[in-house]
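Structure, as structure tokens:
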Amino acid sequence: MSGILWDSNDAAYATGGKNTCDWVAYGVSIDTRTLNQGDIFLAITDNRNGHDFVAEAFKKGASAAVVSYVPESLNSSKPLLIVEDVYLALKALAVFARNRCKGQFIAITGSVGKTSSKDMLAVILSNLGKVSKAEKSFNNHLGVPLTLARTAPDSDFAIIEIGMSGKEEIGPLSALVRPHIALITDVSEAHLASFKDVKEIAKEKSDICVGLSDNSYCVVSRDTSSYSDLSAYIKKFGVRIISFGENKLSSYKLVKTVIKNNKTCSTAVLPTGSEFFFKVNTPGTHHAKNALGIICIVEVLGMDITKGIFGLSDWSPSTGRGLITNVKFYRQYSIQNFTIIDETYNANPNSVIAAMNVLANFTPVNDDMNKNGRLRRIAILGDMLELGSETNTKHAELIDKLDLTAIDVIHCVGNRMNFFYDKLPNNKKGKWVETVKELSRSLSYLVRDQDIIMLKASNTVGLNSLIKELKSMGTIC
């Protein structure tokens, strides 16, 4: 366990609740499945009533529970903080935690790249001080206050991810965080189901500036197609814009990117005009762009940019966001290998293009795989969700935005992705199936020695189950 995060007095003061006894907590949880011993458990009522899990929380080692009433089955001697509304209590703990921490708060949003950028920044800043950050993709009305409530008082840096699924969600969360710096990684069609057009999405993303004070910095990708609208919205908040990207007008310009040996080596130019070089240990121009945005933040924080560049070498993609796994398996009395590129967490047109570029440029660990001509680059693409009325059109338009020269086979999953599949050249077509379960039945027959397989879809499509099946075919190496 780390140091004490909350005690009964501070929690009662923050929430206005009443304790049944004294207690201390080393963490905060709203889910008994991930609760750690010593956590305080908040019985949030969201999809389910958290009060039904209070007894389980104590069995798993919770030090106390925040409740709005005492569950009938619970021993009355248990340490409880009784409040009027548990969700409002979570927000109150978040406000208290934000006020007591004197570190630098960085808020990150964007249609793609939020979590990868957050993790990149955390790796770099961990070499410069104590870092608190959002777990996984905890970026909504529950995840943001939970992240704040978990922020250690002595943190030098706190990195908060802010997402959205509809209108007027980012502003209130930014106001809760009150960041010193904001980062907008990208604006794209990812949320068209809830917005009229990309311009409306840009306006919502700009609301990450709600919590910024005047003359603070908002770091923005200049490569986003809606940059003109986005920058106009941001300026209304009285904050300063620092841009990054391949666009020639960017404050920090990415002027060259080379993918070699599955690493991305880049050259960029500072606002002063001087060049610098940096490397990301995974393939993908989009990763280089994310890294450049992080380097901007390091400079704004007044840190040594050299340390930031070196720190990038410690970062690698997480599960569902480009994680690369090599699998060794036995077939026909021989040892064979294939590689998985896991992009199953989410998908929109821009992120599919980026993932397909990674696949096209990916080289095997063993160069012999290239020499004997047996290597195949295979994509398994599932539906892109939350595209609203343009769903079918956006899937069909992928064919005009992808260079398929280096791709050997494309399998597609879902009725929406069928609009793309129908436009594929016959020599690129693999299987089209309606559901993941259908593809699962023949998965082992679709894979052979030396294949490189990239899987990409919106999370709820469930392609992550195919990742598990592929890994179970052999030994991860």
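Just so you know, all these numbers are worked out from the coordinates, no wet-lab data involved. All figures in this text were calculated on a predicted structure; none of them were measured in a lab. Quick reminder, even Gly has a Cβ in these numbers, built from the backbone with ideal geometry, and neighbours come from all protein chains shown.
Assuming charge only on the beta carbon of Lys and Arg (+1) and of Asp and Glu (-1), the dipole of the range 323-476 about its Cα centre is about 460 debye to the nearest 20. A simple charge model with +1 on the Cβ of Lys and Arg, -1 on the Cβ of Asp and Glu and nothing else charged puts the dipole of the range 1-60 at about 140 debye relative to its Cα centre. Extension gain for ARG48-SER194 works out to 50.1 nm (0.36 nm per residue, less the C-alpha to C-alpha distance). Using only the Cα atoms of the range 148-191, build the gyration tensor, take square roots of its eigenvalues as a ≥ b ≥ c, and label the shape rounded, prolate or oblate: rounded if a/c is under 1.5, else prolate if a/b is larger than b/c, else oblate. Taking the square roots of the gyration eigenvalues as a ≥ b ≥ c, the range 148-191 is prolate. Compared with the dominant principal axis of the Cα atoms in the chain, helix 285-300 is inclined by about 40°. Amide hydrogen proximity for ALA158: with H placed 1.01 Å from N in the peptide plane, the residues at 5 or more positions away or on another chain lying under 5 Å are GLN104, PHE105, ILE106, SER132. If you plug the beta carbon distance of TYR330 and TYR13 into 1/(1 + (r/R0)^6) with R0 = 56 Å, you get a FRET efficiency near 0.35.
Pull out a ≥ b ≥ c, the square roots of the eigenvalues of the alpha-carbon gyration tensor of the range 184-290, then state rounded if a/c is under 1.5, prolate if not and a/b is larger than b/c, and oblate in the remaining case. Walk me through the numbers before you get to the answer.
Numbers: a/c = 2.55, a/b = 1.50, b/c = 1.70.
Verdict is oblate for the range 184-290.
Hey, for a label at LEU128 modelled as a point 7 Å past Cα toward Cβ, could you say which residues of the range 271-303 have their backbone N under 11 Å away? Only 294-303 pass the distance filter.
What the phi angles of the range 226-232 give under the Karplus curve with 6.51, -1.76 and 1.60, with θ = phi - 60°, is a coupling list of 9, 4, 4, 5, 4, 5, 5 Hz, glycine and proline written as x. If R0 is 41 Å, the Cβ-Cβ spacing of LYS431 and CYS477 corresponds to a FRET efficiency of close to 0.90. Subtracting the Cα-Cα distance of SER444 and ASP403 from their residue separation scaled by 0.36 nm leaves 12.1 nm.
Under the classification rounded if a/c is under 1.5, otherwise prolate if a/b is larger than b/c and oblate if not, where does the range 263-416 fall, given a ≥ b ≥ c as square roots of the Cα gyration tensor eigenvalues?
Numbers: a/c = 2.25, a/b = 1.31, b/c = 1.71.
The shape class here is oblate.
Hull volume per residue, based on the alpha-carbon atoms of the range 339-467 and their convex hull, is 96 Å³. Couplings 3J(HN,Hα) of the range 204-219, computed from phi: 5, 5, 5, 5, 5, 7, 3, x, 6, 7, 4, 6, 6, 10, 10, 8 Hz, in residue order, whole Hz [Karplus 6.51 cos²θ - 1.76 cosθ + 1.60, θ = phi - 60°; x for Gly and Pro].
So which of LYS133/LYS307; LYS130/LYS307; LYS205/LYS307; LYS437/LYS471; LYS256/LYS456; LYS167/LYS289 end up more than 18 Å apart, counting from Cα to Cα?
Where the Cα-Cα span goes over 18 Å, the pairs concerned are LYS133/LYS307; LYS205/LYS307; LYS256/LYS456; LYS167/LYS289.
Site pair LEU88 and SER465 shows an inter-label distance of 4.2 nm when each label is modelled 7 Å from Cα along Cα→Cβ.
Only helical runs count toward this figure. For the chain, summing -39,500 (n - 2.57) over DSSP H runs of n ≥ 4 and dividing by all residues gives -9000 deg cm²/dmol at 222 nm. Stretched out straight at 0.36 nm per residue, the stretch from ASP31 to ASN392 would grow longer than its current Cα-Cα span by 126.3 nm.
Protection proxy ranking, highest mean first, for peptides 470-477, 111-118: 111-118, 470-477, where packing is the per-residue count of other beta-carbon atoms within 10 Å, averaged. By DSSP, the beta bridges lying fully in the range 101-314 are antiparallel in about 35 percent of cases.
Here the dipole of the chain is about 1040 debye; that uses its Cα centre as origin and unit charges on the Cβ of Lys and Arg (positive) and Asp and Glu (negative).
Between the C-alpha center of the range 7-68 and that of the range 108-132 there is a gap of 28 Å. Toward the positive end of the charge dipole of the range 101-314, with +1 on the Cβ of Lys and Arg and -1 on the Cβ of Asp and Glu, the farthest Cα among MET120, LEU292, THR151 is that of LEU292. Size estimate for the chain follows the Kirkwood approach: the inverse of mean 1/r over distinct Cα pairs works out to 23.9 Å. Taking the longest Cα principal axis of the chain as reference, the axis of helix 436-446 is set at about 50 degrees. Other residues within the sphere of radius under 11 Å centred on the Cβ of LEU270, judged by their own Cβ, net out at -1 (K and R +1, D and E -1).
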